[in-house]
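Structure first, then comments.
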Amino acid sequence: MINYIPILNILILILFSFIIIIVKNNKKVKFISLASNIFVFFLSIILARKVLTQNIITLSLGDPNNLLGIEFLISKPEAVIGLIFTFVMVMILWYSNFYLEKEVSENRISFFYLLINILLASLLGVIYTNDLFNSYVFIEISTLSACGIIILKDKKENIKATIKYLIMSTIGSGLVLMAIAYIYSITGHLNISNIHEIIITNYQFHRNAVLIILGLFTVGLGIKSAVFPLHSWLPDAHSSAPTPASAVLSALVIKVYVFMLIKILFRMFSYEIVNSFIIMDIILLLGSMGMIFGSIMAIMQKELKRMVAYSSVAQMGYIVFGIGLGTISGTAIAIYHIIGHAVTKSSLFLISGLLIDKTGSKKIEDLKGIGKEMPFTLGLFTLGAFSMVGIPILPGFISKWYLSLTCIEVGRVPLILIILASSLLNVLYYFPIVINGYFGNDNLEGKIYKAKKIPFINLLPIILLVISMVVIGGMSYNLIGLFNI
Amino acid sequence: MERDIILKEIGKILIPLVQLFGIYVIINGHLSPGGGFSGGTILGTSLIIMHLIYGENFIKNLYSKKKLILIISISLIFYTLIKGYSFLSTELNLPHPPIGNPGNILSSGFILPLNIAVGLLVASIFYVIFSIFIRDEV
Amino acid sequence: MDILLTNYFETGAIILFGVGFATLMLHRNLIKKIIGMNIMDTAIFLFFIAKGYIKGKEAPIITDSFKGVSNYINPVPSALMLTGIVVAVTTTAFALALTIKLHKHYNTVDLDIILRMRGDQND
């Protein structure tokens, strides 16, 4: 029965999302959504425990020879990513249960939970699946539901951001589908393992086609995961969405596509094949550009959520950088950064939602002196910022440290300078908020804060996220050991 | 808005035929080209034609929006349950409907009920999309 | 050149893909962008289905007697593209709905003008 947990996860989430359509009462909707997500979280724990002892679980649906059927393949990275993503989603839902009314009108709240359930189901589908066309369908579902949760706030900028996101990601999915068509015409398979067996022996005869396929996949999935020059939709979409939605988008949605890219590059092709093409150098270049320019653009932002969104571009740069190194250890760190950043960025977004709600202003400069009003919340923000900047033990530091080690290992020592420069730039935009928040005084006089004190129970999801962030940092050695695809 | 009498009378003859054809495509989906999506589209089109010829109120009395959304969600739930059961049942050795004689209407296991669910879903969702667009409620 | 002519389905599909992609990228009008998106998707459907089609063979629906595997076309690409068509329909409907909404708020469907206007000034 445990082998069936991946499909059960997806089915349960989708089933409950359709039950939400019928239920009218917002309270019941919240309860149903949270309950189904918690249930899926526990199932993911069971799955992860099983995978850690058994290494790999394959699940063939429809056709046991998986020539026609769909296959799910869960190895250690998939299980851990699925576990962390469901955990983050439960925390975000808990937070949105008391927060969402502040940004979304009453009659649209049930749509949020409906879309969140479908979104998580499709994200888990992309993570678990071992079939190219199936992953395309899940990618499309996740894109459409992600567009849906942006547009819940019925404002001009949301519609603009959504149409930008939709058009960009349509280009991306068109390119991905074209790449799937190419690979199907070369190999005659859609199952990633079957394709791997064929392409590993035949790729010399189709070098141009393989290069085209690699390019199409990289650009297509790169658009969807906001790799640097293709990121222009991300800041608008992530900063204008309601806060729980931006946490979901920034922490989970863009990561899934980059994980799909990892699966395609290293599981469908192999290190040997991809390293013989120029594509890995291009990916490395895009990653390093993203690390630098994402941070520079984040420094120039005046709105808090926009800044955090641009910081996501920089952090995607780290993940892509890890992939671009083209070694097993580089990929392991990329996957580690996926989960580390998922936990960190979701907590940062949720806290900035609270800060914005408290001060009633989106601007960074209005946050001066907020630390005297809500020291504990800003303390949590500080921890998240420390992780982004790279203070030891926290996940951000671990990824930077191991990335540098891998750079030395592959003999590309100058690249460490880029990592260092990016960390310094991170300091430049996160620390002013913290320092001005605790020590700035000029906003305090005559200022009346809008909200009351936040009850402890409402802070609990953020606290749990931050605690899990520290735990992920502490367990880094064991975790990275698991992630060797 | 009052429509032309020719339109109404021709509609009376043609719409049942269109709907019958849609139902045929759905029911016969596992034996010939067609199936839930194509048949559902035909059924949905007939609803749209009804809306255009006889006006909004006529169809509102037959299928209100609430009813349509209920149909959508129930057929989705039904689809998820049946499809999930068919995924799980193959290897857990749970009971499975008989495959039957190829060529019979009642054959090929779960495909017929799934087609009917998809047909109902697609027909109602096409009409809902249309009515959202035409009533400017986007 | 000879390869292009013998594989005329694929050639046509790639040309159509280029047309759709260029329309999607270069046009400023949102409706034209959506049309370009549809052309692009259709080109991929053509490419995929051409991969499964064998000239002179029939669809694999067995009515009277089974004629052997080599007498039927490959049904997998057609089945995949049915899903692709559904996805394309959904995306198009969503994009059109968004376009109507944008037109209500901005009174134009020109994406460049819309992007130049800052949305948050008159919230």
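The values are calculated or read from the model by the stated rules, or taken from the named source; none is laboratory data. Keep in mind that what you see is a predicted model, and the values were worked out from it rather than measured. Glycine gets a Cβ as well: all are built from the backbone with ideal geometry, and neighbour counts include every protein chain shown. Please note that ligands, DNA and RNA were not included when accessible areas were found on the heavy atoms of the full protein model with its side chains. Shrake-Rupley method; radii C 1.70, N 1.55, O 1.52, S 1.80 Å.
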Item to complete: State the volume of the convex hull built on the alpha-carbon positions of the stretch A:348-438, expressed per residue in Å³ and rounded to an integer.
Response: 87
Item to complete: Evaluate peptide A:10-20: per residue, the Cβ atoms of other protein chains within 10 Å of its Cβ; return the mean as an integer.
Response: 4
Fill in: Mean accessible surface per residue for the protein assembly as shown, computed with a 1.4 Å probe while every protein chain stays in place, in Å²
41
Fill in: Cα-derived Rg to Rh of the stretch A:1-265, Kirkwood definition
0.98
Item to complete: Would you work out which of B:Val18, B:Tyr85, B:Ile69 lies farthest towards the positive end of the dipole of the stretch B:5-134, given +1 charges on the beta-carbon of Lys and Arg and -1 on that of Asp and Glu, about the Cα centre?
Response: B:Ile69
Discussion item. If you take each beta carbon of peptide C:36-46 and count the beta carbons of other chains within 10 angstrom, what is the mean?
Written reply: 3
Practice prompt. Please turn the phi angles of the stretch A:265-273 into ³J(HN,Hα) values with the Karplus equation 6.51 cos²θ - 1.76 cosθ + 1.60 (θ = phi - 60°), one per residue in order, whole Hz, x for glycine and proline.
Written response: 5, 9, 9, 6, 8, 8, 4, 4, 5
Practice prompt. Evaluate the charge dipole of chain C about its Cα centre and quote only its size in Debye, nearest 20, assuming +1 on the Cβ of each Lys and Arg and -1 on the Cβ of each Asp and Glu.
Written response: 160
Practice prompt. Work out the FRET efficiency for A:Leu460 and B:Asn104 from their Cβ-Cβ distance, taking R0 = 56 Å, and round it to the nearest 0.05.
Written response: 0.45
Worksheet item: With the dipole of the protein assembly as shown worked out from charges on the C-beta (+1 for Lys and Arg, -1 for Asp and Glu) around the Cα centre, which of A:Val176, A:Ile12, A:Ser75 lies farthest toward the positive end?
Response: A:Ile12
Fill in: Subset of A:Lys30/A:Lys368; A:Lys28/A:Lys76; A:Lys30/B:Lys67; A:Lys153/A:Lys224; B:Lys83/C:Lys55 violating a 25 Å alpha-carbon distance limit
A:Lys30/A:Lys368; A:Lys28/A:Lys76; B:Lys83/C:Lys55
Item to complete: Could you run the numbers on buried accessible area between B and A, total for both chains, 1.4 angstrom probe, in Å² to the nearest 100?
Response: 1300
Fill in: Portion, in percent, of the accessible area of the protein assembly as shown that falls on carbon or sulfur, probe 1.4 Å
68
Worksheet item: Where the only charges are on Cβ atoms (+1 Lys, Arg; -1 Asp, Glu), what is the dipole of chain A about its Cα centre, to the nearest 20 debye?
Response: 1140
Item to complete: Counting residues in the stretch A:278-485 as N, plug N into 2.2 N^0.38 Å and put the Cα Rg over that result.
Response: 1.06
Worksheet entry | Bridge type composition, the protein assembly as shown - antiparallel percent by DSSP, nearest 5 | 90
Fill in: Counted charge near A:Leu43, where neighbours are those whose Cβ lies closer than 12 Å (Asp, Glu -1; Lys, Arg +1)
+2
Fill in: the protein assembly as shown: radius of gyration and largest Cα-Cα distance (Dmax), Å
26.4, 89
Worksheet item: So how tilted is helix A:279-300 from the main axis of chain A? Cα-based, degrees 0 to 90, rounded to 10.
Response: 10
Item to complete: Which order do the peptides A:100-112, A:332-344 take when ranked by the mean count of other beta-carbon atoms within 10 Å per residue, highest first?
Response: A:332-344, A:100-112
Practice prompt. Quick one: what are the phi-derived ³J(HN,Hα) couplings along the stretch A:363-379, Karplus 6.51/-1.76/1.60 with θ = phi - 60°, whole Hz, x for glycine and proline?
Written response: 6, 5, 5, 7, 8, 4, x, 5, x, 6, 7, 9, x, 5, 4, 5, x
Item to complete: Round to the nearest 10 and give me the degree value, 0 to 90, for the angle of helix A:415-439's Cα axis relative to the longest principal axis of chain A.
Response: 20
Fill in: For the stretch C:48-123 versus the stretch A:363-435, the gap between their alpha-carbon centres in whole angstrom
43
Worksheet item: Computed on protein heavy atoms with a 1.4 Å probe, what is the summed buried accessible area for the chain pair B and C, in Å² to the nearest 100?
Response: 700
Fill in: P(r) histogram, all alpha-carbon pairs of chain C included - 5 Å bins from 0, percent
2, 10, 14, 15, 14, 12, 10, 8, 6, 4, 3, 2, 1, 0, 0
Worksheet, complete the sentence: In debye to the nearest 20, the charge dipole size for the stretch A:1-265, taken about the Cα centre with +1 at each Lys and Arg Cβ and -1 at each Asp and Glu Cβ, equals 580
Fill in: Helix-only mean residue ellipticity at 222 nm for chain A, each DSSP H run of n ≥ 4 adding -39500 (n - 2.57), per residue, nearest 500
-25000 deg cm²/dmol
Worksheet item: Where a ≥ b ≥ c are the square roots of the eigenvalues of the C-alpha gyration tensor, would you call chain B rounded, which needs a/c under 1.5, or, failing that, prolate if a/b is larger than b/c, or oblate?
Response: oblate
Worksheet item: In the neighborhood of B:Met50, defined by Cβ-to-Cβ distances under 13 Å, what is the net charge if each Lys or Arg adds +1 and each Asp or Glu adds -1?
Response: +3
Discussion item. Quick check: the distance between the Cα centres of the stretch A:232-268 and the stretch A:202-218, to the nearest angstrom?
Written reply: 25
Discussion item. Angle check, please: helix A:207-224 long axis (alpha carbons) against the longest principal axis of chain A (alpha carbons), in degrees 0 to 90, nearest 10.
Written reply: 20
Discussion item. Given the DSSP H assignment, sum -39500 (n - 2.57) over each helix run of at least 4 residues in chain B and divide by its residue total; what's the result at 222 nm in deg cm²/dmol, nearest 500?
Written reply: -25000 deg cm²/dmol
